[in-house]
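Everything below concerns the one structure shown next.
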């Protein structure tokens, strides 16, 4: 079991869903946690829970990843409060399941600012600090959608595919310094994500048998910290499907557009 006592962990998207469970999981391992998200009231409640679990520090900082100035301010506060940063977990993001030709420009821009550019900036600022210390770990919650795109997820899939590519290059740049970059690519997770992505509830109902449990999945992710894990793909069935897609892309396109098109 990984021990995080005395380490400082920054988690974005920590007010709910997988981000919240990741915060609780690292707190249970003794970490000081910095929680960032847009909803201050939800963040404060999560921070209170973390403090009970860790008997260490838990700080809730309101931050909108679509705003560069707020990300800069977040890191300034981390510097002032802790002076160093050991682990960053990028768990913020959202999706809208709709045909590409129907999505308005404002929604596309916001999704790319939050899911992609915001995460890249958080990783960059974290890496700058970690490089001075010669150690650290950056974890990005991307998506299996970044590897296997399906109808009604074009922009979301693109935002996550960009993160996978970014992490692949960042990993090579930071490895000689002693910093690990782990990319996590989950399939559907049983969280409030789908209340925004698909208010009808149809998609989650269709894939419920496959959906990951956020509490259990958070534990799996945290168990990989400090182990120089490159990538984590879950559920295993979708990870296997990704390998098959690379071997037979035409068949993969057919399956993604028909059998696995559950939206």
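When a/c reaches 1.5 or more, the comparison of a/b and b/c decides; with that in mind, is segment 1-80 rounded, prolate or oblate per its Cα gyration tensor?
prolate
Report the gain in length on full extension from residue 172 to residue 57: 0.36 nm times residue separation, minus Cα-Cα distance, nm rounded to one decimal.
Here the answer is 38.2 nm.
With the Cα gyration tensor of segment 21-171 in hand, convert its eigenvalues to equivalent ellipsoid semi-axes via √(5λ) and list them largest first in whole Å.
28, 17, 15
Once the Cα atoms of helix 154-174 and of the chain are each reduced to a long axis, what angle between those two axes, in degrees from 0 to 90 to the nearest 10, is obtained?
Taking Cα atoms only, the helix is inclined about 40 degrees.
Set the Förster radius R0 to 22 Å, insert the Cβ-Cβ distance between residue 128 and residue 70 as r into 1/(1 + (r/R0)^6), and round the FRET efficiency to 0.05.
My answer for the efficiency is 0.80.
Cβ neighbours within 10 Å, averaged per peptide: list 6-14, 34-42, 141-149, 224-232 in order, most packed at the top.
The densest-packed peptide leads the list: 6-14, 141-149, 34-42, 224-232.
Output the Kirkwood hydrodynamic radius of the chain, Cα pairs only, in Å rounded to one decimal.
Value: 18.6 Å, from the Cα pair sum.
To the nearest 10 degrees, how steeply does helix 236-247 sit against the main Cα axis of the chain, on a 0 to 90 scale?
60
If you stretched the chain out fully between residue 84 and residue 49, how much longer would it get, using 0.36 nm times the residue separation minus the C-alpha to C-alpha distance?
Extending this stretch completely gives an extra 10.3 nm.
What FRET efficiency comes out for residue 247 versus residue 94 if R0 is 30 angstrom and r is the Cβ-Cβ distance? Round to the nearest 0.05.
0.40
Quick check on segment 103-145: what are the equivalent-ellipsoid semi-axes from the Cα gyration tensor, as sqrt(5λ), descending, whole Å?
Output for segment 103-145: semi-axes of 28, 12, 4 Å.
Starting from the Cα-Cα distance between residue 216 and residue 110, subtract it from 0.36 nm times their residue separation and give me the gain in nm to one decimal.
Extra length available between residue 216 and residue 110 comes to 35.2 nm.
Each value in this text was obtained by applying a stated rule to the coordinates, not by laboratory testing. Predicted model only: the values in this text are computed from it and were never measured. Using ideal geometry, Cβ is built from the backbone for each residue, glycine included, and neighbour counts are taken over all protein chains shown.
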